[in-house]
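Report on the following structure.
The values are calculated or read from the model by the stated rules, or taken from the named source; none is laboratory data. On a predicted model such as this, the values are computed, not experimentally measured, just so you know. We place every Cβ from the backbone using ideal geometry, glycine too, and count neighbours over all the protein chains shown. SASA here: full protein model, heavy atoms, side chains in, ligands and nucleic acids out. Shrake-Rupley method; radii C 1.70, N 1.55, O 1.52, S 1.80 Å.
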Protein chains: 2
Amino acid sequence: MEKELVFGHKNPDTDAIGAAIAAADYFKHQGIDTEAVILGEPNEETKFALNYFNLDVPRIIEKADTEKVILVDHNEAEQSVSNIEDLTVTHVIDHHKINFKTDLPLFYHAEPVGCTSTMLYRFYEKDQVEIPKSIAGIMLSAIISDTLLLKSPTTTDKDRRSLEKLAAIAGVDDYEKYGMEMLKAGTNLSGRTNHDIIDGDAKSFEMGGKKFKIGQVNTVDVDEVIHLPGLKDDVKKELEKEGFDDILLVITNILDSNSKGIFFGSDSSAVEKAFNAKLKNQIIDLPGVVSRKKQIVPNLTKEME
Amino acid sequence: MEKELVFGHKNPDTDAIGAAIAAADYFKHQGIDTEAVILGEPNEETKFALNYFNLDVPRIIEKADTEKVILVDHNEAEQSVSNIEDLTVTHVIDHHKINFKTDLPLFYHAEPVGCTSTMLYRFYEKDQVEIPKSIAGIMLSAIISDTLLLKSPTTTDKDRRSLEKLAAIAGVDDYEKYGMEMLKAGTNLSGRTNHDIIDGDAKSFEMGGKKFKIGQVNTVDVDEVIHLPGLKDDVKKELEKEGFDDILLVITNILDSNSKGIFFGSDSSAVEKAFNAKLKNQIIDLPGVVSRKKQIVPNLTKEME
């Protein structure tokens, strides 16, 4: 049988990796020969979760070496493998805005929920397919990661319910305690260069004909991150190096759910309008903003287009 | 509560109308205040089915007068209401290729099945929501229409199973007999002008930067349709009048599942390559071709891009 690779977006986070592992397992039960792969090194948070649930790091690829692929946690070509235009996408499972084009009908399922793994949990449940304990573990980690322990405005009742069910399957008695440990592991910046911090979770978006790069990093002390030596200069350099029009690095406090952003680019007035705040010395205050998908991208898109 | 309109594509066929009626009913059970509407007059086949199951013709609109809408049986802006760019699409249920872009996450479900109503049947079934007898009737009519009584290559086991279940709910003992009556009602061209025949089921596609219009008409005698007085000239006029680059009218025999096409436009060699046949006097032979979605559009797209 022809193998199909299953992967999430570039700069993978815990959902991109967890959903790929879960979808590869789920689609095996549908008779597809799958392999979960990832489009970059896992971050500290994901490494903590994979290690906690005794899962191996999937194979890292940049280009797919199968003809057919399954996309999870993304749909835009910019965020996918480099040869996506040459492949046949057979399935997409995602929870982001859509910018997608195909020549053939396919399976596409998206819901405005907090996490791709939430939809996958519901697929397993509907089909009464048993979820291996370790896979339930990485799926619940993904939900905690994407919803910041159910505190993000992207969180839905489906995420809450799925997290509870998955915690029972994975044998995690206190998911809040586990979740805070995992999120804190993700804020550990030791050993990470400024480039890692800026680019680690960054995604590219097309907005009003411009290329906008948006990174996000979690922390327990926003100002400490902002004042990392050379960080601001390195955000500016990233913009110039890669030919983007705009770049925003969002630094989010996981304890109080507030953020600040470092911005460089040609659209500062759009950014100020999008968040109704002034840039001071390239820094913008983003109180209550934690979700790139639900808060940052739609606000920026509205002003840019 | 804010009302949401539910509609299928322009030049509605039985699935565009049946799926809108079914989805409006289904989403009412999800707590949404819906109204099924249609983007043009129903064709003879759909009128036969609506009448058979005692359903009213939904309100005809060109522009949506609600802020939120639900799309069924289409996703491309070209095939939708004229003000689609100003609206918020909350749900899409479709089985076509995808060319879709949003600013916000939404519910999107597509499967490569023969008919939108098949997916809707499965939604009802999964949620254990009862389907009213008349709605089961229009849904089964949609499956028969889209799959040409399960003979189109788009037909899947899900379509076959859904049709049987819906026939039981609707009290249709012999769906083959009913289906042939319905399809024959659709081939009745009396009272239809050449324009109606060309444009009745036509859809517009963007292919390789060109605008390609593809119409399809069912019949029990292909040559009789081809030789309708003035038809060929009127296909050519349609192309010139509306500023398309190419136009193909596919005439399909529902009894033996063969077609012929009338083509005008600037890409005749792409059309000949797509179907591995020669145009003679603007006519191309299309043996075994019945599905615009699975056979005509992908073949043309491949050659045009």
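Every test in (1) open to solvent by less than 60 Å² (accessible area, probe 1.4 Å); (2) of a type in the set (D, E, K, R); (3) outside the structural domain of B:Asp234 (by TED's automatic domain parsing) is passed by B:Lys203 save one, and that test is (3).
Residue check: is B:Ile198 closer than 23 Å to B:Ser80 by Cβ and in contact with a Leu (Cβ under 9 Å, 6 or more places away or on another chain)?
Details: closer than 23 Å to B:Ser80 by Cβ: yes; in contact with a Leu (Cβ under 9 Å, 6 or more places away or on another chain): yes.
Spelling it out, B:Ile198 is indeed closer than 23 Å to B:Ser80 by Cβ and in contact with a Leu (Cβ under 9 Å, 6 or more places away or on another chain).
Criterion applied to B:Lys63, B:Lys133 was being in contact with a helix residue (DSSP H, G or I) (Cβ under 6 Å, 6 or more places away or on another chain) and basic (Lys, Arg), and the one residue passing it is B:Lys133. Can you spot a residue in the stretch B:202-210 that is more than 14 Å from chain A (Cβ to nearest Cβ) and without any contact (Cβ under 8 Å) to a residue 60 or more places away in the chain? The answer is no, given that none of the residues of the stretch B:202-210 is more than 14 Å from chain A (Cβ to nearest Cβ) and without any contact (Cβ under 8 Å) to a residue 60 or more places away in the chain.
For residues in the stretch B:122-132 being in contact (Cβ under 8 Å) with a residue 60 or more places away in the chain and in a helix (DSSP H, G or I), which is least open to solvent (accessible area, probe 1.4 Å)? If you could, list the steps in order and put the result at the bottom.
So in the stretch B:122-132, the residues in contact (Cβ under 8 Å) with a residue 60 or more places away in the chain come out as B:123-124, B:127, B:129, B:131-132.
With in a helix (DSSP H, G or I) added as a condition, the list becomes B:123-124.
Details: B:Phe123: 21, B:Tyr124: 1 Å².
The qualifying residue least open to solvent (accessible area, probe 1.4 Å) is B:Tyr124.
Restricting A:Asp245, A:Asp256, A:Asp285 to those that are at pLDDT below 95 and on the phi < 0 side of the Ramachandran plot reduces the list to A:Asp256.
The combined condition, being within 11 Å of chain A (Cβ to nearest Cβ), of a type in the set (D, E, K, R) and part of a helix (DSSP H, G or I), is not fulfilled by B:Arg160.
Screening the stretch A:138-164 for residues that are farther than 21 Å from A:Ala110 by Cβ and open to solvent by 20 Å² or more (accessible area, probe 1.4 Å) and picking the one that is modelled with the highest pLDDT gives A:Glu164.
Limited to the stretch A:150-200, what total is found for residues that are touching a strand residue (DSSP E or B) at 6+ places or on another chain (Cβ under 8 Å) and under 25 Å from A:Gly288 (Cβ atoms)? Total meeting the criteria: 7.
Here the stretch A:99-118 is the region considered, the condition is being crowded, with 23+ Cβ neighbours inside 10 Å and within 12 Å of chain B (Cβ to nearest Cβ), and the residue that is farthest from B:Lys126 (Cα to Cα) is A:Phe100. For the residues A:Gly40, A:Gly31, the requirement of being on the phi > 0 side of the Ramachandran plot and open to solvent by less than 20 Å² (accessible area, probe 1.4 Å) singles out A:Gly40.
Within the option set A:Gly18, A:Gly31, being within 23 Å of A:Glu125 (Cβ to Cβ) and part of a helix (DSSP H, G or I) holds for one residue only, A:Gly18. Filtered by the rule that a residue be surrounded by fewer than 17 Cβ atoms within 10 Å (Cβ to Cβ) and in contact with a Gly (Cβ under 7 Å, 6 or more places away or on another chain), the stretch B:50-70 gives a lone residue, B:Ile60. Is there a residue in the stretch A:165-185 that is open to solvent by 20 Å² or more (accessible area, probe 1.4 Å), outside the structural domain of A:Phe263 (by TED's automatic domain parsing) and more than 23 Å from A:Asn51 (Cα to Cα)? Checked against the condition, which is being open to solvent by 20 Å² or more (accessible area, probe 1.4 Å), outside the structural domain of A:Phe263 (by TED's automatic domain parsing) and more than 23 Å from A:Asn51 (Cα to Cα), the stretch A:165-185 yields no hits at all.
Of everything listed in (1) within 14 Å of chain B (Cβ to nearest Cβ); (2) under 17 Å from A:Ala16 (Cα atoms), the single unmet condition for A:Val81 is (1).
Of all residues in the stretch A:63-100, those being assigned to a loop (DSSP other than H, G, I, E, B), within 17 Å of A:Thr34 (Cα to Cα) and not hydrophobic (A, V, I, L, M, F, W, C) number 5.
Among the conditions (1) more than 19 Å from the chain's Cα centre (by Cα); (2) within 23 Å of B:Asp94 (Cβ to Cβ), the only one that A:Phe100 does not satisfy is (1). Taking B:Ala167 as the residue in question, decide whether it is closer than 18 Å to B:Asp15 by Cβ, touching an Asp or Glu at 6+ places or on another chain (Cβ under 6 Å) and assigned to a helix (DSSP H, G or I). The answer is no for B:Ala167. Look at (1) surrounded by 22 or more Cβ atoms within 10 Å (Cβ to Cβ); (2) at pLDDT below 95 and you find that B:Ile135 fails only one, number (2). Which ones in the stretch B:190-200 are crowded, with 18+ Cβ neighbours inside 10 Å and under 18 Å from the mean Cα position of the chain (by Cα)? Across the stretch B:190-200, the qualifying residues are B:Ile197, B:Ile198, B:Asp199, B:Gly200. What is the number of the single condition among (1) in contact (Cβ under 8 Å) with a residue 12 or more places away in the chain; (2) away from chain B (no Cβ under 14 Å) that A:Asp56 does not meet? Unmet for A:Asp56, out of (1) in contact (Cβ under 8 Å) with a residue 12 or more places away in the chain; (2) away from chain B (no Cβ under 14 Å): (1). Among the residues of the stretch B:136-157, which ones are touching a helix residue (DSSP H, G or I) at 6+ places or on another chain (Cβ under 7 Å) and either closer than 17 Å to B:Ile21 by Cβ or in a helix (DSSP H, G or I) (or both)? B:Ala136, B:Gly137, B:Ile138, B:Met139, B:Leu140, B:Ser141, B:Ala142, B:Ile143, B:Ile144, B:Ser145, B:Asp146, B:Thr147, listed by residue number. Scan the stretch B:88-98 for residues that are more than 7 Å from every other protein chain (Cβ to nearest Cβ) and not aliphatic (A, V, I, L, M) and the total you get is 4. Pairs are defined by a Cβ separation below 6 Å, a sequence spacing of at least 6 or placement on different chains, a first member in the stretch A:280-305 that is within 12 Å of another protein chain (Cβ to nearest Cβ) and surrounded by fewer than 20 Cβ atoms within 10 Å (Cβ to Cβ), and a second member that is of a type in the set (A, V, I, L, M, F, W, C) and assigned to a loop (DSSP other than H, G, I, E, B); the pairs so defined are A:Pro298/B:Leu104.
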